[in-house]
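Heads up, the thing below is written out as structure tokens.
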Amino acid sequence: MSGPDAAGSAAGGAQAPRTPTPAEDDAFLAEAISLAREHMLAGDGGPFGALVVRDGQVIARGWNRVTSTNDPTAHAEVVAIRAACATLDSFELHGCTVYTSCEPCPMCLATCYWARVARIVYAATRDQAAAAGFSDALIYDEIPKAPDARQLPMDRRLADASSGPFDAWAQKADRVTY
Ligand SMILES: [Zn+2]
């Protein structure tokens, strides 16, 4: 079974990352907050910014680009993580810290787990975001529910055929696990 098992996968990392100092945390987070403001004012999207940092080096920067790119997944953290992965030519970000101007939404939090980042540092809370019109409470509430109990209808069908891709994956000799 594959999944975002950060603890197990992190053991494969080559070197232990240097832990940022509180002053470094504040400086990187302040830049994320600046990105949020600047790019919102420029018309890129909502007021959210993020950085991916490893060993004191900024690997990538991101800011919300939902409305300017018609991409509902273009949240600051996702944008930054995609850019960081491209820069490092890797689908994992071991040892990286994500600095984000606001507590991650469920999508961005999940993305951080999938990317195996080491740590998240944030400024505004989800309650502050909700007060500004960016509530993700519904999604957080929906996730723990059974599929058939969610507001978004989910209908399971073709159960007999559903394991086909997994069977083919298991047989694929050159599969790249993650
Ligand atoms: Zn998000």
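Quick note: the coordinates plus some simple rules give every number you see, no bench work behind them. As the structure is a prediction and not an experimental result, all values here were calculated from the model. Neighbour counts are summed over all protein chains in view; Cβ atoms, including those assigned to glycine, are modelled from backbone coordinates with ideal geometry.
Protection proxy ranking for 141-150, 119-128, using the average of other Cβ atoms within 10 Å per residue and placing the highest first: 119-128, 141-150.
Sort 170-176, 129-135, 104-110 for me by packing, meaning the mean count of neighbouring Cβ atoms within 10 Å per residue, highest on top. Display every interim value, and only then the final one.
Details: 170-176: 7.1, 129-135: 13.1, 104-110: 18.4.
Put in order of decreasing packing, that is 104-110, 129-135, 170-176.
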